[in-house]
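Please read the structure below before turning to the comments.
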Amino acid sequence: MAGETPAFWWRSDAGWPARCLFPAAALYGAVSRWRMDRGARVETGLPVICVGNFTVGGGGKTPTCLALAKAALAQGLRPGFVSRGHGGATRSAVLVDPEHHHAGLVGDEPMLLAHQAPTAVAVNRGEAAALLRAEGVDFIIMDDGFQSARLAVDFALLVVDAGRGIGNGRVLPAGPLRAPLIDQVRHADALLVVGKGAAGDEAIRRTARGGKPVFEAHLQAREPERLHGVPLFAFAGIADPAKFYRTLADLGLSVAGTRDFPDHHVFSGEEIAELKEAAARGGARLVTTAKDAARLRASRLGAEFLENTEVLEVDLVFEPHDLGRRFVRETLAAHRRRRSR
């Protein structure tokens, strides 16, 4: 299961459901292609790197954004994040204050990003970029938004999870692709493959065939040793919960049980009680992701629940380590070229 997405999206042989949805997928793909080719892009006046992925749901965008911000800071820049704020209730542009806002208002990902650098959330990403510019930001990292083509972008970095790939390779709603693969590759500047696995091979082949460079990175857990030697009950409301469970297993941790929730899920009191009971039955310790923790902190009950729940934090590590700085430099150079035309 991949969050809320249909199981046939992630099978190589999608069968009759995908065939039945072909007309809708063809229409969706045509609209996405038009938007990427001709959509009106807002000029921010600042260098912009967009971190997107081929499919709906997770792929490693948020850890990549955080790693790029560190690389920008190391080069003396003041980066800021633009986000759509999925899962948040706000409809107006908001500069995220991690001390006073919560995930229910601005979304779980912006709450994580805001601890690293100024973060603006808006349905209209141009308004979010304007907020950042007013804050003195001089380098914008756009979390998602590659296919919607709302901002003028200097460097488009697509991220793919090597263990998840692009599913059946079909466009929504017949598959998980947000636009035809060939069109996405055409508008991308590079592909970043996160982790190991054969599922990402098709994306790698098509990107390389399109003449775009392919790079690698991996996720590294923070202080996993504190979780060794005890059974764990893992739960996650992210796009690909199985990825979180695989990470725990790869760290040599003992996973006694799991429970999946939809992406950006808001936990109810009843669900929290059920999680406590399930862990207690197995004598296990509860463990979840940083994104889930950000949403739980939005309520008093969730915050209390987190006091007895472990949170596995992860960082993205570029291979080689200076790759993030290279992406920043290429974004700056592309911005200068574009502005001089």
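Where a number appears in this text, it was derived from the coordinates with a stated rule and is not lab data. What you are looking at is a predicted structure, and each value in this text was computed from that prediction instead of being measured. Neighbour counts are summed over all protein chains in view; Cβ atoms, including those assigned to glycine, are modelled from backbone coordinates with ideal geometry.
Among Lys70/Lys291; Lys212/Lys243; Lys61/Lys196; Lys196/Lys276, which pairs are too far apart, with a Cα-Cα distance over 23 Å? It would help to have the intermediate numbers written out before the result.
Details: Lys70/Lys291 19 Å; Lys212/Lys243 27 Å; Lys61/Lys196 16 Å; Lys196/Lys276 33 Å.
Cα-Cα > 23 Å for Lys212/Lys243; Lys196/Lys276; rest within.
Suppose a student asked you for the relative contact order of the chain, using Cα pairs under 8 Å spaced at least 6 residues apart; what percent would you report?
Values: 739 pairs, mean separation 75.6, N = 341.
That works out to 22 percent.
What residues of the stretch 169-211 lie in the reach of a label at Arg38, counting those whose backbone N is under 19 Å from a point 7 Å from the Cα along Cα→Cβ?
Counting backbone N atoms under 19 Å from the label point, the list is 179-180, 183-184, 186-187.
Take the alpha carbon atoms of the stretch 72-107, find their center, do the same for the stretch 154-176, and report the distance between the two centers in whole angstrom.
After rounding, the separation between the Cα centres reads 24 Å.
Local charge sum around Ala333 (other residues, Cβ-Cβ under 13 Å, Lys/Arg +1, Asp/Glu -1)?
On the way: positive: Arg325, Arg326, Arg329, Arg336, Arg337, Arg338, Arg339; negative: Asp154, Asp189, Glu330.
Once all neighbours under 13 Å are counted, the net charge is +4.
Which trypsin sites (Lys or Arg not before Pro) does the stretch 73-171 hold that lie in a coil by DSSP with at most 16 other beta carbons within 10 Å?
Arg91
Counting other beta carbons within 10 Å of each Cβ, put Glu330, Glu277 in order, fewest first. All intermediate terms of the calculation are to be shown ahead of the outcome.
Numbers: Glu330 17, Glu277 9.
Going from sparsest to densest Cβ surroundings: Glu277, Glu330.
To the nearest 10 degrees, how steep is helix 269-281 against the longest Cα principal axis of the chain, on a 0 to 90 scale?
60 degrees
In sequence order, what are the phi-derived ³J(HN,Hα) couplings for the stretch 145-151 according to the Karplus relation 6.51 cos²θ - 1.76 cosθ + 1.60 with θ = phi - 60°, rounded to whole Hz, with x for glycine and proline?
x, 4, 6, 6, 6, 8, 10
In nanometres, what is the gap between the two model label sites at Val230 and Arg133, each 7 Å from Cα along Cα-to-Cβ?
5.0 nm
Relative contact order, percent, of the stretch 223-312 when contacts are C-alpha pairs under 8 Å separated by at least 6 residues? Provide the component values of the computation, followed by the final result.
Values: 132 pairs, mean separation 29.3, N = 90.
Value for the stretch 223-312: 33 percent.
Test of the criteria: in the stretch 146-240, which GluC sites (Glu not before Pro) are in a DSSP loop and have at most 15 other Cβ atoms within 10 angstrom of their Cβ?
On the way: sites: Glu202, Glu216, Glu225; in loops: none.
The qualifying sites: there are none.
Whole-Hz Karplus ³J(HN,Hα) for the stretch 237-250, in order, using 6.51 cos²θ - 1.76 cosθ + 1.60 and θ = phi - 60°, x for Gly and Pro?
x, 10, 4, 9, x, 4, 5, 5, 5, 5, 4, 4, 5, 5
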